[in-house]
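The values are calculated or read from the model by the stated rules, or taken from the named source; none is laboratory data. The shown structure was predicted, so the numbers you read here are calculated from the model rather than taken from an experiment. With ideal geometry, Cβ positions are generated from the backbone for all residues, glycine too; neighbour counts draw on all protein chains shown.
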Amino acid sequence: MKVIEINAVYGQGSTGTIVRDIEHLCEQSGIECYVASPDPKVREAKHHYVIGGFVDHKVHAVLSRVYGMQAYYSHIPTKKFLRWLDEVKPDIVHLHNLHSNYINLNMLLDYLAKKDVKTIVTMHDCWFYTGGCFHYTAVGCYKWMEDCRNCPKKKSDTPAYITKRSARILVDRKKYLLAIPHLYITGVSEWMAHEALKTFLKDIPNYVIPNGIDLEVFKPIDSDLRTRLGLVNKYVILGPASKWLASINKDVLIKFVQQMRPDEVLLLFGVWADSQLNYLNSLNFPEGKVRTYGYINNREELAQLYTMADVFVNTTREDSLSLINVEAQACGTPVVTFDQTGPKETVDDINSFNVPAGDAQKLYESVDRNRRKGFDDDYKKRLISFVADHYEVSNCYKKYITLFTEVFNGK
């Protein structure tokens, strides 16, 4: 069996790591796996193909911003890639993230349909069944269920300098995807898979295969971070800066900090831009109440940060799953998260909790309730056990191997 994985990146970031893990499991299972990507790191894969080059990617990015039509360009690199597919003759093509200015989606889907290649589309976000947006919950838009006209996200996700042609994009998605005779959908969460069932993909075989994490990496790791950061004898509330500092969460941040006890510190990690610091400073919080930690590339350092924290609080308004919630629990740290979209599936509401999105009072109450009931080794073991049962990387991605086998055998 020959399987081709196509993704924007390889061996880095969320989807790149997933593709690499699937590739390794394929090799262990006797499946011949090829990986195609615009990312030069894809050369690290045993069988690989680099799609396009720097100039083409930049030209594609510029053109896509005219009408917000990402994945409509790169005609020549796509033709070359399709010729390579002719040589490889894959049994299954597995599509991941294709919205990074490197491939012509309609050409690819048309090829898969005409060649009758069994095709699996993994929904890492909502892009495949909308007029170009990655998520829509935070803005409350459900036009993708009809025609995607008058897009409220003209300047975000796949921005358009002129008129966003989201309606045409949705028409093309339906036309080209439904033309594939053997099409299968997987969602990285139950929410993601169920959303796809509300669309033109409602009659396509649909599976839930959650993303997983490596428990050899994300586990409790002792460190001297508390001492180095001056947080000894502090109750550390850790959170992702990208979520807490989003404009939609301004009131949540202010109201949450107002409720915090004197010895509590909100530590926001992933702060990398001066604009983030300037925004935070403009809120005039008491000195030391909200601290920042820079961008983290090292997964061991991230595991140390999770372990050091007393609680992890995620104010995400929309995510397909949110593996950071899972990673924190794997390090023995309880999580409190907003309940919109996929993240609500990452907690059991026994040891970690979800609360209504945007409710700062309930958010802090959950943190405070966790603090008051205490935290011991048994608590930590329950958190780690929950992750091991639901999100251990090999167990999760073995489901893809099972799916490949079933699809190949025509089941």
For the stretch 280-312, the count of residues that are outside any helix (DSSP H, G or I), within 20 Å of the chain's Cα centre (by Cα) and buried (at least 19 other Cβ atoms within 10 Å of the Cβ) equals 1
If we only count strands (runs of 3 or more DSSP E) wholly inside the stretch 8-127, which ones have 3 or more residues that are farther than 30 Å from Val217 by Cα and not charged (D, E, K, R)? none
Just one listed residue, out of Leu231, Leu268, Leu238, is touching a residue at least 40 places away in the same chain (Cβ under 8 Å), of a type outside the set (Val, Ile, Thr) and in a strand (DSSP E or B), and it is Leu238
Would you be able to tell me the number of residues in the stretch 141-200 that are among the charged types (D, E, K, R), more than 16 Å from Val66 (Cα to Cα) and touching a Gly at 6+ places or on another chain (Cβ under 9 Å)? 6
I need every pair where a residue in the stretch 287-307 that is on the phi > 0 side of the Ramachandran plot has its Cβ under 8 Å from the Cβ of a residue that is at pLDDT 95 or above, sequence separation at least 6 or different chains. Gly288/Val265
Could you list, ordered by first residue, the pairs with Cβ atoms under 8 Å in which the first is in the stretch 382-403 and in contact (Cβ under 8 Å) with a residue 40 or more places away in the chain and the second is in a helix (DSSP H, G or I) and hydroxyl-bearing (Ser, Thr, Tyr), at least 6 apart or interchain? Tyr391/Thr346
Might you let me know whether the stretch 86-97 holds any residue that is without any contact (Cβ under 8 Å) to a residue 24 or more places away in the chain, surrounded by fewer than 19 Cβ atoms within 10 Å (Cβ to Cβ) and assigned by TED's automatic domain parsing to the domain that holds Ala8? yes
If Phe375 meets every condition in (1) touching a Pro at 6+ places or on another chain (Cβ under 9 Å); (2) closer than 13 Å to Gly239 by Cα; (3) touching a residue at least 60 places away in the same chain (Cβ under 8 Å); (4) aromatic (Phe, Trp, Tyr) apart from one, which number is that one? (2)
When residues of the stretch 198-237 are filtered for being of a type in the set (Val, Ile, Thr), under 24 Å from Val265 (Cβ atoms) and touching a Ser or Thr at 6+ places or on another chain (Cβ under 8 Å), how many remain? 1
When (1) among the small types (Gly, Ala, Ser); (2) assigned to a helix (DSSP H, G or I); (3) buried (at least 16 other Cβ atoms within 10 Å of the Cβ) are applied to Ala357, the one that fails is (2)
Candidate set: the stretch 153-184, residues that are aliphatic (A, V, I, L, M), assigned to a helix (DSSP H, G or I) and in contact (Cβ under 8 Å) with a residue 40 or more places away in the chain; chosen: the one surrounded by the most Cβ atoms within 10 Å (Cβ to Cβ): Ile169
For the structure I just gave you, tell me whether Leu197 is crowded, with 16+ Cβ neighbours inside 10 Å and not assigned by TED's automatic domain parsing to the domain that holds Asn325. no
Output the residues belonging to the stretch 368-380 that are exposed (fewer than 13 other Cβ atoms within 10 Å of the Cβ) and assigned to a helix (DSSP H, G or I). Arg369, Arg372, Lys373, Asp377, Asp378
